[in-house]
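Here the structure comes first, spelled out in structure tokens, and everything after it is commentary.
The values are calculated or read from the model by the stated rules, or taken from the named source; none is laboratory data. Predicted model, so just to flag it, every value in this text is computed and none were measured. Here the Cβ is made from the backbone with ideal geometry for all residues, glycine too, and neighbour counts use every protein chain on show. SASA here: full protein model, heavy atoms, side chains in, ligands and nucleic acids out. Shrake-Rupley method; radii C 1.70, N 1.55, O 1.52, S 1.80 Å.
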Amino acid sequence: MKFLVVNGPNINMTGIREQGVYGARNYTEITAMIAAEAKQRGIEVEIFQSNIEGEMIDAIQRCYFEHMDGLIINPGAYTHTSYALHDAIKSIAPIPAVEVHFSNVHARESFRHESKTAPACLGQLCGFGDYGYVMAMDALIQHLAKR
């Protein structure tokens with residue numbers, strides 16, 4: 001199995017920005033943890049980060065063309081604004097996607113309560129910090145096993 005993890009704007013600043021919200025682990029540490037957890041599960045994982053919406057769309061579309069089995073996406077602030085990312089996720093169906101957020105977006109500012117991208121996904125995990133990526137891997141594994 002092969003999964004793509006797509007991280008959006010400012011995720012590369014994790015560990016630096018608002019540690020009380022996003023945690024103290026830096027982006028390099030988080031990507032290493034994701035890779036280690038994937039290896040334990042026998043999953044090949046590719047991790048991609050961009051602050052540019054179009055580059056994220058290109059990465060999502062690669063899931064289809066490279067025959068990946070699942071997508072894990074943390075769209076950052078694009079979660080609340082990007083119909084284009086929503087459409088990109090829908091365009092790779094039937095490849096399942098899980099949306100991840102470090103913080104519980106529903107307990108924060110009201111503009112964060114609505115996700116434009118979650119309706120295109122299998123589900124949304126939020127509020128579990130960087131462990132959400134591990135939970136998303138397990139959710140995708142379980143979902144794919146039921147197919």
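The computed mean projected area of the Cα convex hull in nm² for the structure shown corresponds, within (1) 8.9; (2) 10.0; (3) 7.7, to (3). Peptides 49-59, 13-23, 130-140 ranked from most to least packed give 130-140, 49-59, 13-23, packing being the mean of other C-beta atoms within 10 angstrom over each peptide's residues. Taking a ≥ b ≥ c as the square roots of the Cα gyration tensor eigenvalues, the stretch 10-69 comes out oblate, since a/c reaches at least 1.5 and a/b does not exceed b/c.
When shorter helices are ignored and each DSSP H run of at least 4 residues is given -39500 (n - 2.57), the per-residue value for the chain at 222 nm works out to -11500 deg cm²/dmol. Here the accessible area of the chain is 53 percent carbon and sulfur, with a 1.4 angstrom probe and all protein chains present. In the context of the full set of protein chains, the chain has a per residue accessible area of 48 Å² (1.4 Å probe). A dipole drawn for the stretch 2-96 from +1 and -1 charges on Cβ atoms has a positive end, and of THR81, ALA35, GLY20 the residue lying farthest that way is GLY20.
Looking at the stretch 63-147, the GluC sites (Glu not before Pro) that sit in a DSSP loop and have at most 11 other Cβ atoms within 10 Å of their own Cβ are GLU66, GLU109.
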